[in-house]
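No value in this document is a laboratory result; all are computed from the given coordinates. Remember, it's a predicted structure, so these values are computed and weren't measured experimentally. A quick note on method: Cβ atoms are made from the backbone with ideal geometry, for glycine too, and the neighbour counts reach across all protein chains shown.
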Amino acid sequence: MFLRQYVPMAIAFVMGVVFAVQYYVPHPASEELLTTVNDWLIVVSGFSMVLGLASLMGSHWAKVRRGVPGWGYSLVVFLGILGTLAVGIASKGKMFAGEELTLTALGWVYDNMLVPLQGTVFSLLAFFMASATFRTFRARNLEAGLLLTAAFLVMLGHVPLGEYIWDKVLGFLPPKADQVMGWIMNVPNMAAKRGILLGVGLGMIATSLKIIFGIERAYMGEGG
Amino acid sequence: MRKLAEKILSMDRRAIYLLMASAALLPFLTGPLGLPSRVSPEVKAVYDRIESLPEGSPFLISMDFDPASKPELYPMAEALVRHAFRKNLRVIGMNLWVTGSGMAEKILSDVAEEYGKKYGRDYVYLGWAPGATNVILGLGQDIYKTYPRDYYGNETSGMPVLEGVRTLKDIPFMVDLAAGDPGIETWVVYGKAKSMAGGCTAVIAPGMYAFLNSGQLVGLIGGMRGAAEYEALLKEMGKATVGMDIQSTTHVLILGLILLSNFAFFATRRRR
Amino acid sequence: MSPELLGAWVAAGLTLAIFSFLYKDNPFFKFGEHLYIGISVGYSITLLVFNFMIPKWWTPLFREGRMSLLVPTVLGLLIWTRFFPRFSWLSRWAFAFVVGFGAGIAIPRTISNFIFRQVESTAVPLVSRGQQGVSFGWGDFSNFLIAFGVLSVLTYFFFSVEHKGPIRPLARAGVLFLMVSFGASFGYTVMARVSLLFGRMYDLVEYSSRGYGYATLVLLGLMVAVFLAQALSKKREGG
């Protein structure tokens with residue numbers, strides 16, 4: 001109990017208090033403390049990244065071992081990992097070789113496999129969004145109407161063709177499409193986003209205090 | 001009329017996908033539409049800030065994105081690095097997103113080659129390091145402790161490009177190009193940048209206006225439109241400018257779909 | 001086949017494999033999706049080793065003898081005790097160190113660089129004072145709207161008091177501001193997603209040219225043929 005519960009709580013408390021106070025003590029020794037500990041934590045982050053990567057691999061390895069339906073795809077994951085590691089080691093982790101900037105094997109995998117794969121996975125969202133817009137974007141009430149109007153104006157002001165249409169249809173109005181969009185972004189949008197940000201900021205402070213005082217112990221994992 | 005409206009509302013999702021794909025392909029078939037984007041004050045502010053820097057000033061660009069946002073942020077980064085090299089600034093590049101490292105390296109190397117810039121003297125790529133908040137905090141304390149070696153394994157101390165630079169405070173201007181977290185917000189809260197601007201994906205841009213309004217960002221380049229505006233300011237037609245044509249056709253399609261679905265919706269409702 | 005040409009065929013094939021999901025979930029997509037996970041993990045490990053482990057940990061600690069790095073090494077090894085259930089509780093010490101530090105540095109910086117700055121730029125004069133005296137122009141109106149908007153949104157999110165009486169209309173105004181902001185965000189999101197689509201379309205169009213051996217067109221044709229054959233055989237089975 002003492003080693004498993006109180007020691008980590010004490011560590012979090014001391015670290016939290018020391019580094020919250022450190023901010024207000026601009027003495028060279030205090031700055032040196034921050035520099036050193038921060039430097040250590042960059043190294044620790046590297047170690048924890050291994051944990052994250054290993055747990056992802058572990059879940060796919062479990063699928064292969066148990067032979068669950070679709071386990072072959074988990075093998076593809078390992079194929080990707082091992083293949084990339086092999087070319088990565090051969091290329092010493094660099095994209096280019098020599099003065100001529102020729103692509104290394106890793107650079108080739110990155111440019112022709114990782115970039116298109118990741119880019120395409122996320123570009124699928126363009127299609128889903130168009131479909132969702134068609135199905136759900138309705139001016140059912142005042143709130144939905146406002147949302148729709150703001151989206152409509154921003155989209156119109158965002159693209160050259162929209163600006164062109166605005167100029168042709170509503171050209172008699174003093175503001176241009178991009179000015180209307182600019183006002184929406186800088187005034188009502190900004191006000192709402194600032195409200196949300198302030199809420200998030202206060203929440204962050206509250207969570208930090210909870211961690212320091214041992215109320216929030218999710219970092220301890222199970223049984224914390 | 002009602003039947004037609006109902007038919008419209010129950011349109012197969014794949015028909016919409018096909019319309020989207022067609023709208024996206026249209027500009028490739030028709031050729032450039034040639035419609036200009038007006039330059040917004042927030043993008044102009046970034047341009048003006050770089051213009052105002054004296055030759056030889058250090059300029060930090062953190063490319064915190066990955067291939068998922070390449071079409072938005074890659075041209076933006078290219079345009080900014082190009083501008084910095086034109087102004088003969090000393091460019092310090094880095095990134096906080098591991099899978100973006102290859103792109104950051106490519107951007108710096110390609111543009112440097114274009115302008116005949118020498119590595120170590122005119123520019124440096126510090127690379128990626130884990131623990132984003134700690135890296136930002138560390139740069140505010142001592143750059144050489146956070147990055148004792150650059151991406152290529154060279155020692156950073158003594159590099160001519162970093163002469164006179166010990167912490168973020170010694171860098172008169174920096175731009176963070178972000179696709180999410182860690183990104184602009186992390187730099188604003190933990191960085192000690194003297195003066196900073198942001199460039200970001202369109203998804204996170206609306207939230208960044210709060211920092212623009214508070215003066216914590218001197219300017220903001222939002223999404224592909226922002227990148228296209230920057231290219232226009234540099235008088236270079238890059239990929240973002242080309243991409244604005246697809247933006248035009250697909251946006252107009254989506255606006256049309258919104259109108260259509262609303263007309264159909266109200267037509268079916270009124271009859272009931 | 002030159003590396004560039006091979007690259008174009010591979011990139012076009014993988015792009016089409018992922019796009020095939022728009023038709024339906026299928027093995028091409030699943031292969032591409034899992035390969036993506038594998039490559040991105042492999043790439044991250046490569047960078048972790050070559051950009052971090054070797055230059056920032058191994059070399060300074062074991063070659064240059066920077067003994068202070070033993071502290072984070074021990075902390076890192078404690079984190080790795082998570083791999084061994086019997087000792088995994090030891091990782092709590094390291095996590096407490098990391099999380100405690102994070103909490104400590106967050107509090108003052110969030111207050112001064114975030115909360116104060118945001119409040120400060122909201123609380124600005126709502127009228128202008130010029131040579132002709134006090135005036136209220138469009139800019140002042142915008143400033144008023146910002147102050148009112150921030151206040152009303154905060155009221156909406158403040159659940160400690162019941163939203164009734166004078167609080168109710170204020171919270172309702174907050175909802176309206178939020179709706180405008182969500183609408184604006186939606187408009188921007190459309191642009192972001194379309195940008196990604198442009199990126200992929202640009203490459204696909206480029207790879208469909210003669211110089212690349214019509215890679216996109218050939219691979220698209222093959223994929224469509226497979227789907228057609230599959231649909232036909234299913235129909236035959238059903239019939």
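Partner chain Cβ atoms within 10 Å, averaged over the residues of B:138-149 - can you pull that number for me?
4
Positive end of the charge dipole of chain B (Lys, Arg +1 and Asp, Glu -1 on Cβ, about the Cα centre): tell me which of B:160, B:26, B:180 has its Cα farthest that way.
The Cα lying farthest towards the positive end belongs to B:26.
Starting from the Cα of residue C:24, draw a straight line to each of the lysines and keep only those under 17 Å, dropping any in the same chain fewer than 8 residues away.
C:234, C:235
Looking at chain A from every direction and averaging, what is the projected area of its Cα convex hull in nm²?
For chain A, averaging the hull's shadow over all directions gives 23.8 nm².
Rounded to the nearest 20 Debye, what is the dipole magnitude of segment A:138-224 about its Cα centre when Lys and Arg each give +1 and Asp and Glu each give -1 at the C-beta?
140 debye
Under a point-charge model restricted to the Cβ atoms of Lys and Arg (+1) and Asp and Glu (-1), what is the dipole moment magnitude of the protein assembly as shown relative to its Cα centre, in debye to the nearest 20?
The calculated dipole for the protein assembly as shown is roughly 2560 debye.
Relative to the longest principal axis of the C-alpha atoms of chain C, give the angle of the C-alpha long axis of helix C:167-207, reported between 0 and 90° and rounded to the nearest 10°.
That helix lies at roughly 30 degrees to the long axis.
Per the Kirkwood treatment, what hydrodynamic radius in Å, one decimal, follows for the protein assembly as shown from the mean inverse distance over all distinct Cα pairs?
About 27.7 Å, per the Kirkwood formula over Cα pairs.
Is the C-alpha gyration tensor of segment B:203-272 telling us rounded, prolate or oblate? Criteria: a/c under 1.5 is rounded; beyond that, a/b larger than b/c is prolate, otherwise oblate.
On the way: a/c = 5.66, a/b = 1.77, b/c = 3.20.
Cα axes put segment B:203-272 in the oblate bin.
If each of residue C:233 and residue A:5 carries a label point 7 Å out from its Cα toward its Cβ, how far apart are those two points in nm?
Roughly 6.1 nm, to one decimal.
Once you have a ≥ b ≥ c as the square roots of the Cα gyration tensor eigenvalues for segment C:122-182, tell me rounded if a/c is under 1.5, and otherwise prolate or oblate according to whether a/b is larger than b/c.
Note, shape of segment C:122-182 comes out prolate.
Past 25 Å, Cα to Cα: identify those pairs from B:169/B:239; B:117/B:239; B:106/C:56; B:106/B:194; B:44/B:87, in the order given.
B:169/B:239; B:106/B:194
Give or take rounding to whole Å, what are the principal axis extents of the alpha carbon atoms in segment A:1-128, in descending order?
Extents along the principal axes, in whole Å: 52, 49, 37.
Restricting to segment B:41-237, compute how many DSSP beta bridges are antiparallel as a %, nearest 5.
Counting DSSP beta bridges with both partners in segment B:41-237, the antiparallel share is about 5 percent.
Take the Cα pairs of segment C:104-207, get the Kirkwood Rh, then feed it into Stokes-Einstein at 10 °C and 1.306 mPa s and tell me D in µm²/s. Could the numbers behind the result be given before it?
Numbers: Rh = 17.6 Å.
D = 90 µm²/s.
Any idea what the relative contact order of chain C is, in percent, if you count C-alpha pairs under 8 Å spaced at least 6 apart?
It comes to 18 percent, rounded to a whole number.
Which is the longest run of chain A containing none of the GluC sites (Glu not before Pro) found in DSSP loop states (not H, G, I, E, B) with at most 10 other C-beta atoms within 10 Å? The partial results should precede the final answer.
On the way: sites that count: A:99, A:100, A:222.
It runs A:101-221.
Across 5 Å bins from the origin, how do the percents of Cα pairs in segment C:58-136 run, short distances first?
Per 5 Å bin, starting at 0, the Cα pair percentages come out as 3, 12, 11, 10, 11, 11, 8, 7, 6, 5, 3, 4, 5, 4, 1, 0.
Working from Cα positions, state the angle (0 to 90°, nearest 10) between the long axis of helix C:27-47 and the longest principal axis of chain C.
With rounding to tens, the tilt is 70 degrees.
For segment A:210-217, just list the computed ³J(HN,Hα) in residue order, Karplus coefficients 6.51, -1.76 and 1.60, θ = phi - 60°, integers in Hz, with x standing in for Gly and Pro.
Per-residue couplings from phi come out as 4, 5, 4, 8, x, 7, 9, 10 Hz.
Semi-axes, largest first, in whole Å: what does sqrt of 5 times each Cα gyration tensor eigenvalue give for chain B?
Computed over chain B, the values are 42, 19, 17 Å.
In whole Hz and in residue order, list the ³J(HN,Hα) couplings for segment B:62-78 that follow from phi through the Karplus curve 6.51 cos²θ - 1.76 cosθ + 1.60, θ = phi - 60°; x for Gly and Pro.
Those phi angles translate into 9, 9, 8, 8, 10, x, 4, 10, 3, x, 8, 9, 4, x, 5, 5, 4 Hz.
Rounded to the nearest 5, what % of DSSP beta bridges with both residues in the protein assembly as shown are antiparallel?
20 percent
How many nm separate the modelled label positions at residue B:44 and residue A:215, each set 7 Å beyond the Cα in the direction of the Cβ?
Taking the simple label geometry, residue B:44 and residue A:215 are separated by 4.9 nm.
How large is the translational diffusion coefficient of chain C in µm² per second when you combine the Kirkwood radius over alpha carbon pairs with Stokes-Einstein at 4 °C and 1.567 mPa s?
Working: Rh = 25.8 Å.
For these conditions, the coefficient is 50 µm²/s.
For segment A:138-224, what is the per residue volume of the convex hull drawn over the alpha-carbon atoms, in cubic angstrom?
Working: hull volume 15.2 nm³, N = 87.
Value for segment A:138-224: 174 Å³ per residue.
Along the Cα→Cβ direction, 7 angstrom out, place labels at residue B:30 and residue C:142. What is the inter-label distance in nm?
In this crude spin-label approximation the distance works out to 3.3 nm.
Calculate for chain A the 222 nm mean residue ellipticity that helices alone would give, adding -39,500 (n - 2.57) per DSSP H run of length 4 or more and normalising by residue count, nearest 500 deg cm²/dmol.
-24500 deg cm²/dmol
Taking the Cβ of residue A:76 as the center, what net charge do the other residues with Cβ under 12 Å away carry, scoring Lys and Arg +1 and Asp and Glu -1?
Result for the neighbourhood of residue A:76: +1.
What FRET efficiency do you get for residue C:71 and residue B:113 if R0 is 51 Å and r is their Cβ-Cβ distance, rounded to the nearest 0.05?
Using R0 = 51 Å, I get an efficiency of 0.75.
Can you return the lysines within cross-link range of residue A:210? Criterion is Cα-Cα under 30 Å, with same-chain partners fewer than 8 residues away left out.
Excluding near neighbours in sequence, the set is A:193, B:192.
When you have a sec, figure out the Kirkwood radius of segment B:102-217 from all distinct Cα pair distances and drop it here in Å to one decimal? Spell out each step's value before the answer.
Details: mean 1/r = 0.0657 Å⁻¹.
About 15.2 Å, per the Kirkwood formula over Cα pairs.
For residue B:199, list long-range residues whose amide hydrogen, built 1.01 Å from N in the peptide plane, is under 5 Å from its own amide hydrogen.
The answer is B:176, B:177, B:178, B:221.
Counting pairwise Cα distances across segment C:1-137, what percent come out greater than 18 angstrom?
Details: 7387 of 9316 pairs.
Cα-Cα pairs of segment C:1-137 separated by over 18 Å account for 79 percent.
Over all Cα pairs of segment A:1-66, how is the pair count split among 5 Å bins, expressed in % and running from 0 up to the last occupied bin?
Percent of Cα pairs in each bin: 3, 13, 13, 14, 16, 14, 11, 7, 4, 3, 2, 0.
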